[in-house]
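Report on the following structure.
Only the coordinates and a few stated rules stand behind these numbers; no lab work does. These figures come from a predicted structure and were not determined experimentally. Note: ideal-geometry Cβ built from the backbone for every residue, glycine included; neighbour counts use all protein chains shown.
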Amino acid sequence: MGPRLASISKQIHWSLLIRSVLFAASWLYLPGWLFVLVASAVYFFPPFESRKNLAFFLVFLGVALATPGSILMAVLYGALWYYLLLIKDLLVIDRKSGRTILAMAIAFFLFREFFAAWHAGFSSGALFWAWVAGAAFGVLLNAVIVARHGKEVSGREALPRRIAVGTASLAVLELLMAGLFLPVDFIYQSIVAFLAAALVLDLVPAYFFGELDPRRIRTTAMAIAILFVIVLASAKWGI
């Protein structure tokens, strides 16, 4: 047992864990402007790889600011922040998949906060924040693609990428607005939107990475469809 615990302890990056606890505590207990300062200090120092992962940081920061404080969310956001720092410090071996997973997690909390605030139905406020959420999702999708390609994103690739990101953002906007009319709890609304977004986050970057093939499309689409059925079947529908 002793050697096993020692091995687990070596795998934990304690400096990142401390910075994640600091992030979660400042989010939970400090006013918003001070939390932003603390989060920025924790993220940008050291500045290594800060620019490459800046989009994830900014969207995550915006989602955190929109979330009401609670112990549970502080723990979840602290864990997600720890994962972001692992990617930033190059401690995740498969950073391509790591950034995709990070974008999916942030997207879920983004949709959760949208539906938590506007699940009662359509309104001008809901339309505005759906635009904001759609744009934020586009930022995440673009970041996943660009972080992989880096300087290899040529002028010839830039236009198709912008079209794909813009189309995905509009699709998410429409999906969020449609989700407002689902007579289910906001958590189920969030999950439905997340599953569709996860399909986009998996397949669109794969196209630009040159990894998209019919088998992958079928497998991913089938998995998402099965999850859709399970979620909708388990939801408590109301009028």
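The calculated 222 nm mean residue ellipticity attributable to helices in the chain amounts to -27000 deg cm²/dmol, summing -39500 (n - 2.57) over DSSP H runs of n ≥ 4 and dividing by all residues.
Listed by chain and number, the aspartates and glutamates whose alpha-carbon sits under 19 Å from that of LYS236, ignoring those within fewer than 8 places in the same chain, are ASP185.
Label sites at TRP14 and ALA79, each approximated as a point 7 angstrom past Cα along Cα to Cβ, lie 2.3 nm apart. Each of LYS96, LYS236 was scored by other Cβ atoms within 10 Å of its Cβ. Arranged with the fewest first, they read LYS236, LYS96.
Between ALA103, ALA25, ALA135, the residue with the greatest mean-square fluctuation in the GNM of the chain (Cα pairs under 10 Å linked by springs) is ALA25. For the chain, list the DSSP H helices whose alpha carbon atoms reach 27 Å or more along the long axis and whose average Kyte-Doolittle value is 0.5 or above? TM-like helix candidates: 95-118, 124-149, 155-179, 186-208, 214-234.
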